[in-house]
Amino acid sequence: MLKGKTALVTGSTSGIGLGIAKALASQGAHVVLNGFGDVDAPRAEVLAATQGSGARVGYHGADMSRASEIEAMFGYCQAEFGAVDIVVNNAGIQHVANIEDFPAERWDSIIAINLSSAFHTTRLALPAMKAANWGRIINLASVHGLVASAQKSAYVAAKHGLVGLTKVTALETATTGITCNAICPGWVLTPLVQKQVDAKAVALGISNEEATRQLLGEKEPSMQFTTPDELGALAVFLCSSAANNVRGVAWNMDGGWAAQ
Ligand code: NAD
C-alpha cells in the first residue's frame with residue numbers, strides 16, 4: 001500500500017516509534033529511523049518487517065531538541081531517499097514532579113522534544129509534500145493532549161500544544177492531498193512508562209505487578225495497555241486512501257481514559 005513512499009519516524013529506536021516504523025515498513029514504505037541507543041537491533045526488526053519488499057531502512061541520529069540537527073536529518077532523507085512523504089512525530093520524553101519542584105531545564109527539553117520538534121519537521125516536510133500533493137503527518141500526542149494529570153506540567157502542556165499544532169497543520173493543508181492527525185494513546189508499556197511503574201513500586205514499597213495494576217487502575221478503565229502494534233495499525237490506516245479526508249483529528253486509543 002505504501003510502496004515507493006518514504007516515512008520518517010522520529011524516536012523510533014524504541015517503543016511506539018519502533019512499532020509504527022515496523023507497521024509502515026510492512027506496507028512497503030522505506031523507513032528512516034531516528035533516536036538514541038542501540039540502532040542495529042531496531043533496524044533489523046524494521047528490515048524484517050519489510051518481508052523482502054525491497055523497502056530500505058535508513059537512520060539519522062538527530063537530537064530532536066535541536067533545530068539544526070533536524071534540518072541535517074532532512075538533508076540526509078533528501079539525499080538518500082528523495083522527499084519525505086510521511087512524517088511521524090513520535091520522539092518524546094517525560095518528567096514527573098510538582099510545578100514548584102520542576103527543573104526549568106527539564107521543562108525546556110520536554111517542550112523542545114515533544115512539541116517544537118514537530119513544528120520543525122512539519123515546516124521542513126511541507127514544501128515537498130505540497131509539490132507532490134500527497135503527504136501524511138502523524139503526531140504522537142497522548143491522552144495528555146486532551147486531559148491533564150498532576151505532576152506532568154511540561155508533558156501535558158507540550159501534548160496539548162501538539163494537538164493544537166495538528167489542527168493548524170490540517171487547516172493549512174485542507175485543500176491538498178496532505179493530511180495531519182494526532183494519535184492519543186493512554187498507557188503503553190514502553191521504557192517511558194516502565195520507569196513510572198518502577199518509581200511507583202519503589203515509592204510505595206510494592207511489587208512491580210501491584211504497581212502496574214495501580215497505574216492502570218487510576219486512569220485506564222480497560223485495565224489494559226495499548227500496544228505499539230495496535231498504534232502501528234492506526235498509523236497505517238491514517239496513511240491509507242480511506243483516511244484521505246480525516247483531517248485535524250486527535251484520535252485516542254486509551255482504554256476509555258478520556259471518556260470518564
Ligand atoms: P520510549 O522511551 O520507548 O521511546 C522514545 C524514543 O524517543 C526513543 O527512541 C528515544 O531514543 C527517542 N528520543 C528521546 N529523546 C530524543 C531526542 N532528543 N532526539 C531524538 N530521539 C529521542 O517512549 P514511548 O513510550 O515509545 O513514547 C513515544 C511517544 O509516544 C512519546 O512522544 C510519548 O510521549 C508518546 N506516548 C507514550 C505513551 C506511553 O504510555 N508509553 C502514552 C502516550 C503517548
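The values are calculated or read from the model by the stated rules, or taken from the named source; none is laboratory data. Keep in mind the model is a prediction, meaning the values are calculated, not measured. Note that we place each Cβ from the backbone using ideal geometry, even for glycine, and neighbour counts take in every protein chain shown. These area figures cover heavy atoms from the full protein model, side chains too; ligands, DNA and RNA do not enter into them. Shrake-Rupley method; radii C 1.70, N 1.55, O 1.52, S 1.80 Å.
Quick notes
- Residues in region 90-121 that are within 16 Å of the ligand (Cβ to nearest atom), outside any loop (DSSP other than H, G, I, E, B) and open to solvent by 10 Å² or more (accessible area, probe 1.4 Å): Glu105, Arg106, Trp107, Asp108, Ser109, Ile111, Ala112, Ile113, Leu115, Ser116, Phe119, His120.
The rows are residues; the columns are (1) modelled with pLDDT under 95; (2) in contact with a strand residue (DSSP E or B) (Cβ under 7 Å, 6 or more places away or on another chain).
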| position | (1), (2) |
| --- | --- |
| Ser142 | no, yes |
| Gln151 | no, no |
| Leu162 | no, yes |
| Lys167 | no, no |
| Cys180 | no, yes |
| Leu192 | yes, no |
| Gln196 | yes, no |
| Ala201 | no, no |
| Thr226 | no, yes |
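- Among residues of region 1-35 being among the polar types (S, T, N, Q) and within 12 Å of the ligand (Cβ to nearest atom), the one that is most open to solvent (accessible area, probe 1.4 Å) is Ser14.
- Residue ID - farthest from the chain's Cα centre (by Cα), chosen from residues in region 129-145 that are of a type in the set (A, V, I, L, M) and under 16 Å from Ala170 (Cβ atoms): Met129
- Where a residue in region 215-237 is in contact (Cβ under 8 Å) with a residue 24 or more places away in the chain and in a helix (DSSP H, G or I) and its partner, wherever it lies, is more than 12 Å from the ligand (Cβ to nearest atom) and among the β-branched types (Val, Ile, Thr), with Cβ under 9 Å and at least six apart: Ala235/Ile86
- Single condition Val143 does not satisfy, out of (1) touching a Cys at 6+ places or on another chain (Cβ under 7 Å); (2) open to solvent by 60 Å² or more (accessible area, probe 1.4 Å): (2)
- Yes/no for Thr173 being within 22 Å of Gly232 (Cα to Cα), of a type in the set (Ser, Thr, Tyr) and at pLDDT 95 or above: no
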